[in-house]
């Protein structure tokens, strides 16, 4: 199946119009959660070449409406020379929403661990959508989406990655701290730590205590990349400093089964960081 992006109103003078722009080897369909009755647009992209003997690594990306195509092209171009790029072939799964807009209000519910009394309105004064559904959304991914993907494609269950940005980055940290066995690699870009700061700090404490107790010993190590744009350091939320300090704390846990890294993208802001984050995240996930 092929996804089509846009259709020009008319052809260029003297040229033939072929229709929309195509992304090879991609497909999409709407999937409804049996528990919450919420709907998602699930986008998939197969990499070139046959699957490895263990199956495809899987790269799940949140906010699929806005970043799926970027992730697909990054894999398609870079995985052909992994010895040079550091990026290996992977099945890309975008988790988006049934809309043509890059973002959907439902993300406020899906990506936040709990409701916040501090952030209730958007900058224009309008009331924010419902919040606090991250646990249910994570259950949907693990119990419904993953099995559906595994029925359609040969996948490596031991080599799966989840990447999210902004509120999606907050969700990735929530998943890491509460369900570290769901994925091998967690990529939190520009995480909105300020949204549920106290909740997240407590879950981090419980997570690192479990690491100290040896709960990850005897299985493949978990990896986490936390990254932000350098220009985000000026934001009043303080997320840049909080994210950097969190990465520093987690980096001390390598002997306990966690590999954590921090990266700051020079001269990039909260949104412009996305292409670099995706490429670096793919390299990070491709490491042995």
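Mind checking whether some residue in region 80-91 is in contact with a strand residue (DSSP E or B) (Cβ under 6 Å, 6 or more places away or on another chain) and modelled with pLDDT of 90 or more?
Among the residues of region 80-91, at least one is in contact with a strand residue (DSSP E or B) (Cβ under 6 Å, 6 or more places away or on another chain) and modelled with pLDDT of 90 or more, which makes the answer yes.
In region 39-72, how many residues are surrounded by fewer than 19 Cβ atoms within 10 Å (Cβ to Cβ), touching a residue at least 40 places away in the same chain (Cβ under 8 Å) and more than 15 Å from residue 145 (Cβ to Cβ)?
7
Does residue 164 count as assigned to a helix (DSSP H, G or I) and either within 18 Å of residue 62 (Cα to Cα) or out of contact with any helix residue (DSSP H, G or I) (no Cβ under 7 Å at 6 or more places or on another chain) (or both)?
Taking the combined requirement at face value, the residue does not satisfy it.
Since residue 201 meets every condition but one in (1) surrounded by 15 or more Cβ atoms within 10 Å (Cβ to Cβ); (2) in a helix (DSSP H, G or I), which condition does it not meet?
(1)
With (1) in contact with a helix residue (DSSP H, G or I) (Cβ under 9 Å, 6 or more places away or on another chain); (2) surrounded by 15 or more Cβ atoms within 10 Å (Cβ to Cβ); (3) more than 13 Å from residue 257 (Cα to Cα) as the list, and residue 172 as the residue in question, which single condition is left unmet?
The number of the failed condition is (1).
Identify the single condition in (1) assigned to a loop (DSSP other than H, G, I, E, B); (2) within 23 Å of the chain's Cα centre (by Cα); (3) modelled with pLDDT under 90 that residue 49 does not satisfy, given that it satisfies every other one.
Unmet condition: (2).
A quick yes/no check of all residues on (1) buried (at least 20 other Cβ atoms within 10 Å of the Cβ); (2) within 27 Å of residue 232 (Cα to Cα):
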| site | (1), (2) |
| --- | --- |
| 117 | no, yes |
| 131 | yes, yes |
| 142 | no, no |
| 149 | no, no |
| 152 | no, no |
| 159 | yes, no |
| 168 | yes, yes |
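Quick check on this structure: which one of 279, 264 is under 25 Å from residue 87 (Cβ atoms), assigned to a helix (DSSP H, G or I) and in contact with a helix residue (DSSP H, G or I) (Cβ under 6 Å, 6 or more places away or on another chain)?
Numbers: 264 fails: assigned to a helix (DSSP H, G or I).
Result of the check over 279, 264: 279.
If we keep just the residues of region 19-38 that are surrounded by 14 or more Cβ atoms within 10 Å (Cβ to Cβ) and part of a strand (DSSP E or B), which is modelled with the lowest pLDDT? Break it down stepwise before answering.
Going through region 19-38, the residues surrounded by 14 or more Cβ atoms within 10 Å (Cβ to Cβ) turn out to be 23, 25-28, 31, 33, 36, 38.
Those left that are additionally part of a strand (DSSP E or B): 23, 26-28, 31.
On the way: 23: 90, 26: 95, 27: 94, 28: 94, 31: 96.
Applying the filter and picking the extreme gives 23.
Identify, by number, the condition in (1) within 25 Å of residue 75 (Cβ to Cβ); (2) part of a helix (DSSP H, G or I); (3) in contact with a helix residue (DSSP H, G or I) (Cβ under 8 Å, 6 or more places away or on another chain) that residue 285 doesn't meet.
(3)
Tally up the residues in region 243-261 that are over 11 Å from residue 226 (Cα atoms) and assigned to a helix (DSSP H, G or I), please.
So the count comes out to 4.
Among the residues of region 65-100, how many are assigned to a loop (DSSP other than H, G, I, E, B) and under 16 Å from residue 284 (Cα atoms)? Spell out how you get there, then give the answer.
Let us first name the residues in region 65-100 that are assigned to a loop (DSSP other than H, G, I, E, B), namely 79-81, 86-90, 97-100.
The next check asks that each one be under 16 Å from residue 284 (Cα atoms); those that pass are 79, 81, 86-90.
Looking only at that region, the number is 7.
Going residue by residue through region 116-135, is there one that turns out to be closer than 17 Å to residue 30 by Cα and not in a loop (DSSP other than H, G, I, E, B)? Walk me through it before giving the result.
First, the residues of region 116-135 that are closer than 17 Å to residue 30 by Cα: none.
Checking region 116-135: not a single residue is closer than 17 Å to residue 30 by Cα and not in a loop (DSSP other than H, G, I, E, B).
The values are calculated or read from the model by the stated rules, or taken from the named source; none is laboratory data. As the structure is a prediction and not an experimental result, all values here were calculated from the model. Because the Cβ atoms are built from the backbone with ideal geometry, glycine has one as well, and the counts that use them run over all protein chains shown.
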